[in-house]
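> One structure follows; several queries about it will come next.
Values in this text are rule-based calculations from the coordinates and carry no lab data. Please read these numbers as outputs of a predicted model, since none were measured by experiment. Cβ placement follows ideal geometry from the backbone for every residue including glycine, while neighbour counts extend to all protein chains displayed.
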Amino acid sequence: MATNFLNIEKIYNGLIEYDYDISELTTWKIGGKVKCIVFPQYESQIVVLIDYLKRMNIPYYIIGKGSNILFGNNDYNGLIIYLGKKFDTYEITKDIDGSIINCLSGMSLMKIGKIAKEKSLTGFEYLSLIPGSLGGAIITNAEAHKKAISDLIISVKVLENGMIKDYTNEMCMFKYRTSIFEGNKDLVVLSAILALENGNKEEIINKMLIAKDYRIKKQPKKPSAGSVFKNPNLAPAGKLIDDLGLKGVYKGDAKISNIHGNFIINEDNAKSEDVLYLIKIIRDKVEEKYKISLDLEIKMFNI
Ligand SMILES: Cc1cc2nc3c(=O)[nH]c(=O)nc-3n(C[C@H](O)[C@H](O)[C@H](O)COP(=O)(O)OP(=O)(O)OC[C@H]3O[C@@H](n4cnc5c(N)ncnc54)[C@H](O)[C@@H]3O)c2cc1C
């Protein structure tokens with residue numbers, strides 16, 4: 001296996017690190033050592049790399065910004081393709097009502113929000129507070145204050161089974177916290193085209209400040225991956241967890257937040273097993289009391 005990893009340098013000329021502590025790149029600050037991690041900058045690097053990994057049977061996993069993943073604490077003897085560092089250029093074109101932005105998928109939602117603000121474009125204010133990448137947001141149809149990424153997407157470009165394909169918005173089959181891409185291990189979101197409307201800069205800044213203020217008040221500051229569970233039809237998952245008196249319950253350094261019941265925070269040195277333990281407690285108690293099973297919003301890997 002080690003020889004295969006060394007050979008990557010022959011076909012991939014971007015940044016590579018070995019024996020990397022992945023907890024540094026997940027917002028939960030949880031995860032073990034990964035054998036190899038690459039930070040591609042260009043689409044062509046990803047295409048060549050994935051073709052090589054498949055031919056050599058090297059296991060791999062894609063991470064955007066790592067803000068929605070519980071990464072297991074065991075070592076991972078595979079390769080991580082981390083897009084949220086260097087895969088983030090964009091092109092912007094003006095039209096009469098607004099602008100069209102074509103962004104690589106590693107671009108942070110925060111950066112897209114900043115560009116939109118500078119150009120007085122509206123539509124991205126609330127999404128810009130989500131700490132993920134565009135690719136990650138597309139996979140799960142990220143949403144804030146009832147504005148979803150799917151409201152802005154014109155098309156998405158993916159690498160699927162070795163072929164580059166364009167999906168129109170309809171083809172993406174966006175729904176509440178999901179899309180046609182979710183769970184497809186043989187697919188990479190490469191880029192997307194978004195439409196933003198002309199707006200008023202002061203109003204845009206104001207909306208961003210309101211959204212920021214809301215997060216400061218309603219969400220814990222300690223490391224987390226945001227909401228752990230999707231909201232069931234019955235009520236928001238956080239309310240059900242709160243009503244069951246589970247806020248503050250902890251295992252090791254993982255704790256059900258006192259501020260928001262659907263957040264599990266890492267107090268300092270939480271392990272993936274600690275989080276899994278709390279997830280099980282929550283699910284069992286919710287099932288027992290409300291006879292429903294909570295679906296995970298977070299993704300798990302190497303667990
Ligand atoms: C404090 C906090 C607040 C949050 N608030 C919100 C919120 O308001 N609304 C909301 O919807 N979410 C929220 N989240 C969750 C998270 O930020 C979003 O789901 C975000 O869109 C995930 O993006 P990411 O790049 O970090 O994805 P990652 O965590 O890196 O990946 C998530 C999944 O997508 C896959 N993936 C990522 N990029 C690609 C790609 N280019 N191609 C193929 N697969 C890919 C990964 O393999 C993984 O399965 C919050 C998280 C935190 C920590």
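> How much length would be gained if the chain were fully extended between Arg215 and Ile180, taking 0.36 nm per residue of separation minus their Cα-Cα distance, in nm to one decimal?
This chain segment gains 9.7 nm when fully extended.
> While we're on this one: What size of dipole, in debye to the nearest 20, comes out for the stretch 15-80 about its Cα centre when the only charges are +1 on Lys and Arg C-beta atoms and -1 on Asp and Glu C-beta atoms?
Charge dipole of the stretch 15-80: 160 debye, to the nearest 20.
> Another question, then. Which of the aspartates and glutamates could be linked to Lys165 by a straight reach, that is with a Cα gap under 18 Å, when you skip same-chain ones fewer than 8 residues away?
Lys165 reaches Glu43, Asp51, Glu182, Asp186.
> Report the net charge of residues surrounding Gly84, where surrounding means a beta-carbon distance below 11 angstrom and charges are Lys +1, Arg +1, Asp -1, Glu -1.
So the surrounding residues net to +3.
> Based on DSSP H runs of at least 4 residues, each adding -39500 (n - 2.57), what is the mean residue ellipticity at 222 nm of the chain after dividing by all its residues, to the nearest 500 deg cm²/dmol?
Computed mean residue ellipticity for the chain: -8500 deg cm²/dmol.
> Quote the relative contact order of the stretch 2-82 in percent (integer), defining contacts as alpha-carbon pairs under 8 Å separated by 6+ residues.
Rounded, it is 37 percent for the stretch 2-82.
> Additional query: Magnitude of the Cβ-charge dipole of the stretch 169-303, K/R +1 and D/E -1, about the Cα centre, nearest 20 debye?
300 debye
> Related question: Once amide H atoms are placed 1.01 Å from N in the peptide plane, what residues at a sequence separation of 5 or more from Ile154, or on another chain, have their amide H within under 5 Å of its amide H?
Amide H neighbours of Ile154: Ile193, Leu194, Ala195.
> Also, quick follow-up: With a point put 7 Å past each Cα toward its Cβ, work out how far Ile96 is from Glu287 in nm, to one decimal.
A separation of 5.7 nm, rounded to one decimal place.
> Kindly write out, for the stretch 91-98 in residue order, the coupling ³J(HN,Hα) from the Karplus curve 6.51 cos²θ - 1.76 cosθ + 1.60 (θ = phi - 60°), rounded to whole Hz, with x marking Gly and Pro.
10, 10, 10, 7, 10, 4, 8, x
> Then there's this: Kindly state, to the nearest 0.05, the FRET efficiency for Tyr42 paired with Ser155, given R0 = 22 Å and r defined as their beta-carbon distance.
Taking R0 as 22 Å, the efficiency between Tyr42 and Ser155 is 0.65.
> Another question, if that's okay. Under 16 Å from the Cα of Lys111, which aspartates and glutamates turn up, not counting those fewer than eight places away in the same chain?
Asp88, Glu91, Glu125
> Expressed as a rounded percentage, what relative contact order does the stretch 149-302 have, with Cα pairs under 8 Å and six or more residues apart?
18 percent
> If you don't mind, another one. In debye, nearest 20, what is the charge dipole magnitude of the stretch 59-147 about its Cα centre with +1 on Lys and Arg Cβ and -1 on Asp and Glu Cβ, if you could check?
I would put it at about 180 debye.
> Which length gain, in nm to one decimal place, applies between Thr168 and Glu24 when the Cα-Cα distance is subtracted from 0.36 nm times their residue separation?
Gain on stretching Thr168 to Glu24: 48.4 nm.
> Fewest to most neighbouring Cβ within 10 Å: what's the order for Thr122, Thr168?
In order of increasing Cβ crowding within 10 Å: Thr168, Thr122.
> Where does each of 248-257, 211-220, 128-137, 233-242 land if you order them by average Cβ count within 10 Å, highest first?
Order by mean packing, descending: 128-137, 248-257, 233-242, 211-220.
> Provide the per-residue ³J(HN,Hα) series for the stretch 280-288, in order, calculated from phi with Karplus coefficients 6.51, -1.76, 1.60 and θ = phi - 60°, each as a whole number of Hz, with x at glycine and proline positions.
For the stretch 280-288, the Karplus curve yields 5, 4, 4, 4, 4, 5, 5, 5, 4 Hz.
> Turning to a different aspect of this structure: Pull up the cross-link candidates among the lysines for Lys291, meaning alpha carbon to alpha carbon under 17 Å and not fewer than 8 places away within one chain.
List returned: Lys230, Lys239, Lys280.
> Quick check: from the Cα gyration tensor, does the stretch 1-160 come out rounded (a/c under 1.5), prolate or oblate?
Here the stretch 1-160 falls in the prolate category.
> In the chain, with Lys and Arg counted as +1 and Asp and Glu as -1 at Cβ, which of these residues, Val275, Ala225, Ile50, has the Cα nearest the positive end of the dipole, that is, farthest along it?
Final value for the positive-end residue is Val275.
> Can you flag which of Lys10/Lys86; Lys247/Lys289; Lys185/Lys255 are past 28 Å Cα-Cα?
With Cα atoms farther than 28 Å apart: Lys185/Lys255.
> In whole Hz, what ³J(HN,Hα) sequence does the stretch 135-142 give by Karplus (6.51, -1.76, 1.60; θ = phi - 60°), x for Gly and Pro?
My calculation for the stretch 135-142 gives x, x, 5, 5, 3, 9, 6, 4 Hz in order.
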